[in-house]
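Scroll down for the structure; my scribbles are underneath it.
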Amino acid sequence: MNPIIEKITNEAGISAEQAEKVLQSVSGHLKEKLPYLLHNQIDNLLQGGTISDGMKQKFESLKDDFENSTKDFGTKAQEFGQEVGKKIGDIFKK
């Protein structure tokens, strides 16, 4: 069980289902008030994790996105270079 759900059920004397609804409500409120970039950290905190865990996941995701974009850019640049080379070759053949 999520340690925060457990803490809520023990301290408030409510069921786990009710505690889950409370946690979802708090999560939604925080996400409305804080920037999107912090939503992952909010989720991690409310699942019993730490902010650093959330930041690590976010940076891993950004790193993956950057690597994929770089590969795509490299492929496009190579295709562009080949096309330019072909066009220059065609010009000199005339």
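The values are calculated or read from the model by the stated rules, or taken from the named source; none is laboratory data. Not measured: the values here are computed from a predicted model. Glycine gets a Cβ as well: all are built from the backbone with ideal geometry, and neighbour counts include every protein chain shown.
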Only one of (1) charged (D, E, K, R); (2) more than 12 Å from the chain's Cα centre (by Cα); (3) surrounded by 10 or more Cβ atoms within 10 Å (Cβ to Cβ) fails for K58. Which number is that? (2)
With (1) in the same structural domain as M1 (by TED's automatic domain parsing); (2) more than 13 Å from the chain's Cα centre (by Cα); (3) modelled with pLDDT under 85 as the list, and L37 as the residue in question, which single condition is left unmet? (2)
All but one of (1) exposed (fewer than 14 other Cβ atoms within 10 Å of the Cβ); (2) on the phi > 0 side of the Ramachandran plot hold for E6, so report the exception by its number. (2)
Residue count, the stretch 62-94 (criterion: surrounded by 10 or more Cβ atoms within 10 Å (Cβ to Cβ) and either of a type in the set (A, V, I, L, M) or touching a residue at least 12 places away in the same chain (Cβ under 8 Å) (or both)): 4
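Looking at the stretch 71-80, is at least one residue within 26 Å of M1 (Cβ to Cβ) and part of a helix (DSSP H, G or I)?
no
One residue is enough: does the stretch 13-22 have a residue meeting the conditions on the phi > 0 side of the Ramachandran plot, free of Cβ contacts under 8 Å to residues at least 40 places away in the same chain and part of a loop (DSSP other than H, G, I, E, B)?
Initially, the stretch 13-22 is screened for residues on the phi > 0 side of the Ramachandran plot, giving 13.
Pick out the ones that are also free of Cβ contacts under 8 Å to residues at least 40 places away in the same chain and you get 13.
Imposing the further condition that a residue be part of a loop (DSSP other than H, G, I, E, B) reduces the set to 13.
Within the stretch 13-22 (the criterion being on the phi > 0 side of the Ramachandran plot, free of Cβ contacts under 8 Å to residues at least 40 places away in the same chain and part of a loop (DSSP other than H, G, I, E, B)), the answer is yes, since at least one residue qualifies.
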Residue selected from the stretch 42-59 under the condition part of a helix (DSSP H, G or I) and at pLDDT 85 or above, by the criterion nearest to I4 (Cα to Cα): L46
